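The values are calculated or read from the model by the stated rules, or taken from the named source; none is laboratory data. Note that the structure is a prediction, hence the values are computed from the model and not measured. Methodologically, a virtual Cβ is constructed for each residue, glycine included, from the backbone with ideal geometry; neighbour enumeration extends over all protein chains shown. Ligands, DNA and RNA are excluded from the accessible area calculation, which covers all protein heavy atoms including side chains. Shrake-Rupley method; radii C 1.70, N 1.55, O 1.52, S 1.80 Å.
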Amino acid sequence: MRKSQFILVSQLKEKLLEFPGIVSSLEKKDPHFVDKIMFWLKSSEDIFSTYNISEVSELAGFRSKIIAAKMIEGRGTNIKKNQIKAAAGILYDVQNTVLNVLTPYEKKMNDCREIVKQLLVLIAQTHTQIYDQNLPFEDFIRKIWIYILSDNDLRMGAVRLKSSLSEMDILMLMGDEIELSDFT
């Protein structure tokens, strides 16, 4: 079974949205800046690792630079300042690595989102699928998907979606995009 690209895109976007706060903590000379960037790096690595994304090694390499700065020996060296300097020096590269991984997945998701929107508009115009509030939302979404798969005019859209995404991702996209008011 394919891993959810929908969830991957959501998780990576969330990580990137956290990043300005980390930069602000550097700007404000927050004493926990190094801990924050290390936690951010480790949690980003975990996401990459879960999805077998090879750039996980690049993130680990960035983390190692911060760790290595802790081990610099010498008279009068300030370990914390060395770590802050090392972390600050790689901030752009760190976020750029995550952004570069996200971009192709996000593009594919947005392309599929457009197909889903078109299919939903076409189905809504037929007035054949009516949302019943007594029916769980997920069941209604699945019912719409089955309708798409069975309709000769809509099936090609389904094929295009299935060639890019797992069925679970397609259903989540449909749930995201559907306007229930169009189906009442």
**Prompt:** Does I79 meet the test of being over 28 Å from D176 (Cβ atoms) and either surrounded by fewer than 17 Cβ atoms within 10 Å (Cβ to Cβ) or under 19 Å from the mean Cα position of the chain (by Cα) (or both)?
**Reply:** yes
**helices (runs of 4 or more DSSP H) wholly inside segment 1-104 containing at least 2 residues that are in contact (Cβ under 8 Å) with a residue 60 or more places away in the chain, within 23 Å of M172 (Cα to Cα) and among the aliphatic types (A, V, I, L, M)** = 5-27
**Message:** Only one of S54, S150 is surrounded by fewer than 11 Cβ atoms within 10 Å (Cβ to Cβ) and closer than 30 Å to D182 by Cβ. Can you tell me which?
**Reply:** S150
**Fill in**
Note on segment 33-91: residues on the phi > 0 side of the Ramachandran plot and of a type outside the set (G, A, S) are N52
**Asked** If you go through segment 107-123 one residue at a time, do you hit one that is part of a helix (DSSP H, G or I) and touching a Phe, Trp or Tyr at 6+ places or on another chain (Cβ under 6 Å)?
**Response** no
**Item:** L122 being surrounded by fewer than 19 Cβ atoms within 10 Å (Cβ to Cβ), closer than 30 Å to V23 by Cα, hydrophobic (A, V, I, L, M, F, W, C) and modelled with pLDDT of 90 or more
**Value:** no
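Let's see how each residue does on (1) surrounded by 11 or more Cβ atoms within 10 Å (Cβ to Cβ); (2) acidic (D, E); (3) out of contact with any Cys (no Cβ under 8 Å at 6 or more places or on another chain):
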{"residue": "Y105", "(1), (2), (3)": "yes, no, yes"}
{"residue": "H127", "(1), (2), (3)": "no, no, yes"}
{"residue": "R142", "(1), (2), (3)": "yes, no, yes"}
{"residue": "G157", "(1), (2), (3)": "yes, no, yes"}
{"residue": "S164", "(1), (2), (3)": "yes, no, no"}
{"residue": "L173", "(1), (2), (3)": "yes, no, no"}
{"residue": "I178", "(1), (2), (3)": "yes, no, yes"}
{"residue": "F183", "(1), (2), (3)": "yes, no, yes"}
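The rows are residues; the columns are (1) open to solvent by less than 40 Å² (accessible area, probe 1.4 Å); (2) at pLDDT 95 or above; (3) not acidic (D, E).
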position	(1), (2), (3)
E18	no, yes, no
I22	yes, yes, yes
K36	no, yes, yes
A68	no, no, yes
